[in-house]
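K.L.:
This is the structure I have questions about; it appears just below.
Please treat every number below as a calculation from the coordinates, not as lab data. These numbers were taken from a predicted model, which means no experiment stands behind them. Glycine also receives a Cβ, built like all others from the backbone with ideal geometry; neighbour counts cover every protein chain displayed.
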Amino acid sequence: MNKHLLSAADLTREDALSILDTAAELARVTDRAVKKLPTLRGRTVVNLFFEDSTRTRISFEAAAKRLSADVITFSAKGSSVSKGESLKDTALTLEAMGADAVIVRHGASGAPHRLAHSGWIEGVVINAGDGTHEHPTQALLDAFTLRQHLGELEGRRVVVVGDVLHSRVARSNVLLLHTLGAEVTLVAPPTLMPVGVDSWPCEVSYDLDEALPGADAVMMLRVQAERMNAAYFPTSNEYSRRYGLDVRRAGLLADDGIVLHPGPMNRGMEITAEVADGPRSVIVEQVTNGVHVRMAVLYLLLGVADAPEEAAE
Amino acid sequence: MITVLRDVRPYGEDAVDITWSEGVITGISPTGASAPPQGARVLDGRGLIVLPGFVDLHTHLREPGREDAETIASGTAAAALGGFTAVHAMANTTPVADTAGVVEQVWRRGVEAGYCDVHPVGAVTVGLQGERLAELGAMADSAARVRVFSDDGVCVSDPVLMRRALEYVKAFDGVIAQHAQDPRLTEGAQMNESALSGVLGLRGWPAVAEEAIIARDLLLAQHVGSRVHICHLSTRGSVDIVRWAKERGVDVTAEVTPHHLILTEELARTYDPRYKVNPPLRTADDVEAVRAGLEDGTIDAVATDHAPHAREDKDCEWAAGAFGMLGLETAFPVVVETMVVPGRLDWRAVADRMSVRPARIGRLADQGRPLAVGEPAHLVVVDPDAVWDVDPSRSPSRSANTPFLGRQMRGAVVHTVLRGRPTVVDGVLA
């Protein structure tokens, strides 16, 4: 496994399965009354969040704490951090404090890559979402959730719908699900597809009703209503009609097909409340699984050799 | 003082001795035909090639305003080391070079520094705001005698304003040098728009944003009978459009930067802003197209777009990084590697693209002249086979943002002579 986790492309099939299997073990262990493992005792994990993301930050915090790491959370949002010099200075500060791992969320694509390769810090860098680039742990928790419901992903069909152009979740999911052998179809209006998407390892469709029948899962991406002001689509109503997931469309999935959403949802925009709260929805499970997967990532990247059971004793 | 450059090959042809005095070439004779006059200064040119001094149409010297990144003295020293005897200083300084006062100041500071001639480029619009014309005539009539006008850094995107500018400068034989970039198509753009920008999650700068403005401006120039110059053309489509316009007799000239001749968008994979530039590095296919354009003369000039930036403006994440890269000291070796070694340009053609045509575009009467008796002694003496490592710590430039850091270059400037006075001898500032 690479030293850092910057992109889902960093993970081989073996790496990904190792993370998912470890996450499953950890899920079992932490299912007890005492949720804590001593594994990362004495190690320092820094949450470096240049962008608001309460759920991802809390998820990483919980993961690190359950492994007994010392957790420092640095929220740069709201401080005067807006220029890159601050990324460097912040990194140097964290390095001086002896961070073993830095979990970074940043509005600029590639910022975690810069942190990992600039020589500013020595520790492990984990990408917790960078600009419109990637969000690999989100893809891992999605894969974990899919696996729980569908078993092995080889040959499974997953439809990803929404603002692919601006979505780091979509990029990471396409890469990881492809690595795991699933067949991914991206669905969006052509304005929200990136140039060159035809070279990605997936199918592309502009028609949701055509893509959904028989699919094993559908993942709805958040679509910001502001995109309409930049003429990506005419109105949010038209978007919902063409690309929103309602009960009728959810019914096109395979019988045991499930509905995912990375959150936060725009109920009524990309997904109706009935579907979000309906029987196919695994959206709340995704949040729980996020902690397990992030524990597994920290566990494996911080180079802990012991198996979780032994460490737990 | 009489100076003799001995045993040097003009345009790579037969070796001669070149003598000059008072800044004017006074003799060219076969090597060793006569001994140097008593008391003459002698420069050794053995094994070397002499060309007319290079002329850069596109240089950012940052003074006034960003003297932390570059000054007229430091930038022109780098220019001399790169073989240039004249540079055009772009107008996007603080204050903007949009009045006679600012352009005269820049011009005078160039004379004081003495490393190479500095010809200020005047802003087309007041403050580069794209709203109303700057006093172009006043700049033309000033001591700086401005002939090239550009809002470089931003595009003159308003078609009416562009038309008026093209027409207006005809009164004093000026030219508008357009930074071709449709602003709406490139809002927030970070790199070439391509499959790679999609993968990297960096907002794309599509080729059409350059090509559409070039096409519009060529048609405008044709309509009003003006000449127009295209800055840093970077795409295959742009080359095709300029070639088409030249065939139709439009009075257009175009330049390409050294970095667009050799580097591609693949470097964005590093997310290192060292490789962030505007227009962005394009694809290998575009690189081949601009080389072909320079070879067949569709592209008239190599222009550096030397763009120094302070350390902190590059030592950051990609999105926060400034656009631009150094170019003066590496332009010649890039041309050697991409054009001379593959046999696409001979030495006369190198002189044409790096000296003769840029001087003509800038209406510089005493630059880009032939190597002949009676002509001004603006010379560059080069060793096309010398190999050297790029090391910004050895450069007089105040900035270090070269895209060729740690790279080995082939082709070196040995001597540079400005108006008969050596500014560089044996690769060192004189």
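K.L.:
With a point put 7 Å past each Cα toward its Cβ, work out how far residue B:341 is from residue B:24 in nm, to one decimal.
P.N.:
Modelled inter-label distance: 4.2 nm.
K.L.:
Can you work out ³J(HN,Hα) from phi for every residue in segment A:111-122, in order, using Karplus 6.51 cos²θ - 1.76 cosθ + 1.60 and θ = phi - 60°, giving whole Hz and x for Gly and Pro?
P.N.:
4, x, 4, 4, 4, 6, 10, 7, x, 6, 9, 9
K.L.:
How many angstrom lie between the Cα centre of segment A:187-209 and the Cα centre of segment B:52-78?
P.N.:
Cα centres, segment A:187-209 to segment B:52-78: 46 Å.
K.L.:
Restricting to DSSP H runs of at least four residues, report the calculated mean residue ellipticity at 222 nm for the protein assembly as shown, -39500 (n - 2.57) per run over all residues, nearest 500 deg cm²/dmol. Walk me through the numbers before you get to the answer.
P.N.:
Values: 24 runs with 230 residues, N = 743.
Result for the protein assembly as shown: -9000 deg cm²/dmol, rounded to the nearest 500.
K.L.:
If you stretched the chain out fully between residue B:108 and residue B:224, how much longer would it get, using 0.36 nm times the residue separation minus the C-alpha to C-alpha distance? Kindly include the intermediate steps, with their values, before the conclusion.
P.N.:
On the way: separation 116, 0.36 × 116 = 41.76 nm, distance 3.43 nm.
Working it through step by step, the gained length comes to 38.3 nm.
K.L.:
Rounded to the nearest 20 debye, what is the charge dipole size of segment A:136-286 about its Cα centre when +1 sits on each Lys and Arg Cβ and -1 on each Asp and Glu Cβ?
P.N.:
On the way: 13 positive and 20 negative charges, 75 e Å.
Charge dipole, segment A:136-286, about its Cα centre: 360 debye, nearest 20.
K.L.:
Still on this structure, I have one more. Can you give me the C-alpha center-to-center distance between segment B:109-134 and segment A:211-239, rounded to a whole angstrom?
P.N.:
If you average the Cα positions of each part, the centres end up 49 Å apart.
K.L.:
What whole number of Å gives the distance from the Cα centroid of segment B:1-17 to the Cα centroid of segment A:251-290?
P.N.:
Here the two parts' Cα centres lie 80 Å apart.
K.L.:
For labels at residue A:75 and residue A:288 in the simple 7 Å Cα→Cβ model, what's the distance in nm?
P.N.:
Result for the modelled spin labels: 2.7 nm.
K.L.:
Within 10 Å of each candidate Cβ there may be at most 16 other Cβ atoms; applying that plus a DSSP loop requirement, which trypsin sites (Lys or Arg not before Pro) in segment B:401-430 survive?
P.N.:
Details: sites: B:407, B:410, B:419; in loops: B:407, B:419.
In loop regions of segment B:401-430 (DSSP not H, G, I, E or B), the sparsely surrounded trypsin sites (Lys or Arg not before Pro) are B:407.
K.L.:
In addition: When DSSP beta bridges are limited to those with both residues in the protein assembly as shown, what percentage is antiparallel, rounded to the nearest 5?
P.N.:
Details: 31 of 96 bridges.
For the protein assembly as shown, the DSSP antiparallel bridge percentage is about 30.
K.L.:
Quick one: compute the contact order of segment A:36-130, relative version, from alpha carbon pairs under 8 angstrom and 6+ residues apart, as a percent.
P.N.:
Numbers: 163 pairs, mean separation 30.4, N = 95.
Answer for segment A:36-130 is 32 percent.
K.L.:
What FRET efficiency do you get for residue B:167 and residue B:244 if R0 is 30 Å and r is their Cβ-Cβ distance, rounded to the nearest 0.05? Write out the running numbers ahead of the final one.
P.N.:
Numbers: r = 23 Å, r/R0 = 0.76.
Efficiency, rounded to the nearest 0.05: 0.85.
K.L.:
Let me ask something else about it. Could you calculate the FRET efficiency of residue B:391 with residue B:365 from 1/(1 + (r/R0)^6), where r is the beta carbon distance between them and R0 is 30 Å, rounded to 0.05? Mind showing how you got there, number by number?
P.N.:
Values: r = 37 Å, r/R0 = 1.23.
So the FRET efficiency works out to roughly 0.25.
K.L.:
Sort segment A:136-286 into rounded, prolate or oblate with this rule: let a ≥ b ≥ c be the square roots of the eigenvalues of the Cα gyration tensor; rounded if a/c is under 1.5, and if a/c is not under 1.5, prolate when a/b is larger than b/c, oblate otherwise.
P.N.:
On the way: a/c = 1.57, a/b = 1.20, b/c = 1.31.
The shape class here is oblate.
K.L.:
Continuing with this model, one more query. Could you check what % of the DSSP bridge pairs in segment B:51-361 are antiparallel, to the nearest 5? Please report the intermediate quantities before stating the final value.
P.N.:
Working: 1 of 24 bridges.
Looking only at bridges with both residues in segment B:51-361, the antiparallel portion is about 5 percent.
K.L.:
Which whole number gives the average count of other chain Cβ atoms within 10 Å of the Cβ atoms across peptide A:113-123? Don't skip to the end; give the middle numbers.
P.N.:
Details: counts 7, 10, 2, 1, 3, 5, 0, 1, 0, 0, 0.
Per residue, the average neighbour count from other chains is 3.
K.L.:
Turning to a different aspect of this structure: Can you tell me the relative contact order of chain B? Whole percent, Cα pairs under 8 Å, sequence separation 6 or more.
P.N.:
Values: 1077 pairs, mean separation 81.6, N = 430.
Answer for chain B is 19 percent.
K.L.:
In peptide B:53-62, how many Cβ atoms from other protein chains are near each Cβ within 10 Å, on average? Mind dumping the intermediate values first?
P.N.:
Details: counts 0, 0, 0, 0, 0, 0, 0, 0, 0, 0.
Average per residue, whole number: 0.
K.L.:
Another question, if that's okay. Regarding segment B:321-426, what's the average projected area of the Cα-atom convex hull, expressed in nm²?
P.N.:
Numbers: hull surface 32.5 nm².
With every direction weighted equally, the projected area is 8.1 nm².
K.L.:
Within segment B:45-85, what residues put their amide N at less than 17 Å from the label point 7 Å along the Cα-to-Cβ vector of residue B:138?
P.N.:
none
K.L.:
Still on this structure, I have one more. Can you give me the relative contact order of segment A:148-205 as a percent, contacts being Cα pairs under 8 Å and 6 or more apart?
P.N.:
Details: 79 pairs, mean separation 22.6, N = 58.
The normalised contact order for segment A:148-205 reaches 39 percent.
K.L.:
A follow-up question, please. Out of the DSSP beta bridges found with both residues in chain A, what percent are antiparallel (nearest 5)? Intermediate values should be presented prior to the final figure.
P.N.:
Working: 1 of 36 bridges.
Antiparallel: roughly 5 percent of the beta bridges in chain A.
K.L.:
Apply 1/(1 + (r/R0)^6) to the Cβ-Cβ distance of residue A:248 and residue B:94, taking R0 = 56 Å, and write down the FRET efficiency to the nearest 0.05. Working shown, then result.
P.N.:
Numbers: r = 60 Å, r/R0 = 1.07.
Here the calculated transfer efficiency is 0.40.
K.L.:
Evaluate the charge dipole of the protein assembly as shown about its Cα centre and quote only its size in Debye, nearest 20, assuming +1 on the Cβ of each Lys and Arg and -1 on the Cβ of each Asp and Glu. Could the numbers behind the result be given before it?
P.N.:
Details: 73 positive and 99 negative charges, 195 e Å.
Roughly 940 debye, rounded to the nearest 20.
K.L.:
Along the Cα→Cβ direction, 7 angstrom out, place labels at residue B:428 and residue A:198. What is the inter-label distance in nm?
P.N.:
5.9 nm
K.L.:
Which loop GluC sites (Glu not before Pro) in segment A:104-166, with loop taken from DSSP, have no more than 12 other Cβ atoms within 10 angstrom of their Cβ?
P.N.:
Working: sites: A:122, A:134, A:152, A:154; in loops: A:122, A:152, A:154.
Qualifying residues, ordered by number: A:122, A:152, A:154.
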